[in-house]
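Read the structure below first, then the notes.
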Amino acid sequence: LTNDNTPTLAGTAAAGSTINLYDGAAQVGSATADVNGAWAITTAALADGSHALTATSTTANGTSPASGTLTVKIDTAAPLAPSTPDMTAASDNGLSSTDNVTSITTPTFVGTAANEAGGVVTLYEGAVVLGTSAVDSSGNWSVTSTALSPGNHAITAITTDAAGNLGSVSPVLPVSIV
């Protein structure tokens, strides 16, 4: 899984041989093995999705059978913004369990990141990282913040999907530490 739609593949073959790289039957790159037999090919742009890559080597003696298949999944789409972070009722000890006012300096926040199981949510106050959490198979996440000082805070979250694509920022949750 990668967010690079022009991945580079490398290998070895007979020195001077021509290596052709294929996605199914379509050629997506070519290179000549150097004097040590090393080669590297950066593919033509591949669409998002799964690709079955194989290579052949051609010398004066002919062309080799296709190599074993390497399956590569391309995902260049940025994830959606996660839900607005929500302070858990156990962390929200203000006048109500939903007023986002607390004396707990390391509150826990929860939310969802739709369709991003395996991704990571990073919790922020401005540009300061407060913590991270893996997104579970149901799209849920939970982060216990690093210590927040007394005062007002604007808490946001950003999802990074399993391929490494960074999503947009969530709506802000205003929080007061008293």
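Observations, loosely collected:
- FRET efficiency estimate (nearest 0.05) - Cβ-Cβ, residue 1 to residue 58, R0 22 angstrom: 0.10
- Solvent-accessible area of residue 41 with every protein chain in place, 1.4 Å probe, in Å² to the nearest 10: 0
- To put it simply, the accessible area of the range 1-101 at a 1.4 Å probe is 54 percent carbon and sulfur.
- If R0 equals 30 Å, the separation of the Cβ atoms of residue 95 and residue 166 corresponds to a calculated FRET efficiency of about 0.25.
- Cα Rg, Dmax, the range 116-170, angstrom units: 11.6, 37
- Counted over the chain, the DSSP beta bridges are approximately 95% antiparallel.
- Stokes-Einstein D (µm²/s) once Rh is taken as the Kirkwood radius of the range 69-120 over alpha-carbon pairs, at 25 °C in 0.890 mPa s: 179
- For the range 72-178, the convex hull drawn through the C-alpha positions has a volume of 84 cubic angstrom per residue.
The values are calculated or read from the model by the stated rules, or taken from the named source; none is laboratory data. Everything numeric here is computed off the predicted structure, so don't read it as measured data. Note that we place each Cβ from the backbone using ideal geometry, even for glycine, and neighbour counts take in every protein chain shown. When the accessible area is computed, the model is the full protein with side chains, heavy atoms only, and any ligands, DNA or RNA have been set aside. Shrake-Rupley method; radii C 1.70, N 1.55, O 1.52, S 1.80 Å.
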